[in-house]
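Remarks on the structure that follows.
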Amino acid sequence: MRVGLVGTGHAAKLRAEALQEEPRADLVIVAGNDLERAQAFSQPYGAIACGSWQDLIERADVDLVVIATINRDHGAIAQAALKAGKHVVVEYPLALDIAEAEAAIALAKAHQKLLHVEHIELLGGVHQALKASLALIGDPFFARYITLKPERPAPQRWSYTLQDFGFPLVGALSRLHRLIDLFGEVASVTCQAQFFHSSPSSPYYSTCLCTAHLRFKSGLLAEVTYGKGEALWQAKRTFEVQGKTGALIFEGEQGTLIRAEGTEAIAIGSRRGLFAKDTALVLDHLTIGTPLYITPEASLYTLKVADAARQSAATGNAVKIDTA
């Protein structure tokens with residue numbers, strides 16, 4: 001499988017390393033906005049470099065396009081690659097705009113090509129351990145997921161702009177997707193968001209903080225908080241689920257089951273190698289037809305919930321989720 005990679009950042013590096021270890025794949029070309037950076041990036045993998053994703057997609061020797069660049073461009077690149085008859089793997093979100101994401105899914109079906117939206121959070125040890133342990137706490141009725149990342153000073157890069165990263169829960173779609181994978185469809189969402197800017201004229205914010213409250217159709221209530229930047233002072237990554245006969249508490253890579261008879265530790269698998277696992281699953285699907293762990297429609301559904309959170313933050317009103 002001859003692969004073209006769009007992007008030269010951290011996710012692109014992990015994907016390139018995974019492809020290098022795969023005998024079924026050959027990374028032939030890397031595209032980046034900065035040609036010199038793309039050349040330096042591609043050299044260790046024996047790939048050629050180009051200065052635009054359009055040039056990469058036009059190449060006849062590319063079978064699979066992997067998109068690991070800024071969120072703003074995901075939808076446009078995916079559509080162009082699918083129209084050119086390429087298979088596509090894209091880091092979440094599939095697009096910042098719902099209509100653009102829907103168009104990409106329709107194109108994949110029309111051209112009978114793979115469109116895979118990476119959600120490696122579902123493959124991670126914490127999520128797998130949480131999912132396997134849910135039955136131990138009875139009917140779950142409340143969940144809370146908090147990720148806070150202090151960065152001081154805040155970097156002036158694309159992930160700190162609404163235009164390129166998207167609304168926080170759109171850009172960080174996995175925060176909602178974990179909950180939806182566990183608990184199903186959402187009935188309504190309310191959300192509040194704050195953004196601090198070090199300069200009124202700067203396109204970059206220095207801090208964002210976003211909190212959403214979700215009511216699931218099952219009746220479960222969930223709270224999701226996501227924040228990053230220089231006004232945050234302590235890193236936090238916690239996931240808790242309260243059930244009628246117990247609770248699951250995950251702090252970082254430590255898991256605890258709490259029940260009336262006492263507490264016990266929960267074994268959690270490693271976070272390492274998830275991009276390699278995702279890559280192998282994609283190649284399994286393309287070569288021998290094994291099912292993937294997620295569909296693009298599932299990612300699109302979460303995107304709709306995230307966009308509802310954006311609407312709620314803008315209007316101050318709860319937003320019902322249309323499942324049509």
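Quick notes on this one:
- The lone criterion from (1) hydrophobic (A, V, I, L, M, F, W, C); (2) in contact with a helix residue (DSSP H, G or I) (Cβ under 6 Å, 6 or more places away or on another chain); (3) over 21 Å from His10 (Cβ atoms); (4) not in a strand (DSSP E or B) left unmet by Val224 is number (4).
- Of all residues in region 183-209, those satisfying the criterion of being part of a loop (DSSP other than H, G, I, E, B) and either in contact (Cβ under 8 Å) with a residue 12 or more places away in the chain or of a type in the set (A, V, I, L, M) (or both) are Gly184, Glu185, Ser198, Ser202, Pro203, Tyr204, Tyr205, Ser206.
Okay, residues lined up against (1) of a type in the set (Ser, Thr, Tyr); (2) over 23 Å from the mean Cα position of the chain (by Cα):
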| site | (1), (2) |
| --- | --- |
| Leu35 | no, yes |
| Gln39 | no, yes |
| Tyr45 | yes, yes |
| Asp55 | no, yes |
| Glu58 | no, yes |
| Val65 | no, no |
| His74 | no, no |
| Ala80 | no, no |
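- Every condition in (1) out of contact with any strand residue (DSSP E or B) (no Cβ under 8 Å at 6 or more places or on another chain); (2) more than 23 Å from Lys304 (Cβ to Cβ); (3) open to solvent by 70 Å² or more (accessible area, probe 1.4 Å) is met by Ser218 except one, and the failing one is (2).
- Residue match in region 55-68 (condition: under 26 Å from Ser299 (Cα atoms) and surrounded by fewer than 20 Cβ atoms within 10 Å (Cβ to Cβ)): yes
- Taking region 232-308 and the strands (runs of 3 or more DSSP E) fully enclosed by it, the elements with 3 or more residues that are charged (D, E, K, R) and at pLDDT 95 or above are at 236-243.
- Number of residues in region 299-324 that are without any contact (Cβ under 8 Å) to a residue 40 or more places away in the chain and either under 17 Å from the mean Cα position of the chain (by Cα) or farther than 19 Å from Ala222 by Cα (or both): the value is 3.
- Helices (runs of 4 or more DSSP H) within region 1-99 that include 1 or more residues of a type in the set (Gly, Ala, Ser): 10-20, 35-42, 74-83
- Extreme residue, nearest to Ala265 (Cα to Cα), among residues of region 221-238 that are surrounded by fewer than 22 Cβ atoms within 10 Å (Cβ to Cβ) and touching an Asp or Glu at 6+ places or on another chain (Cβ under 9 Å): Thr238
- Taken over region 210-219, residues that are closer than 18 Å to Ser312 by Cβ and part of a loop (DSSP other than H, G, I, E, B) amount to 1.
The values are calculated or read from the model by the stated rules, or taken from the named source; none is laboratory data. The structure displayed is predicted, hence computed values, not measured ones. All Cβ positions, glycine included, derive from the backbone under ideal geometry; neighbour counts span all protein chains shown. Protein only, heavy atoms only, side chains kept; ligands, DNA and RNA dropped before computing areas. Shrake-Rupley method; radii C 1.70, N 1.55, O 1.52, S 1.80 Å.
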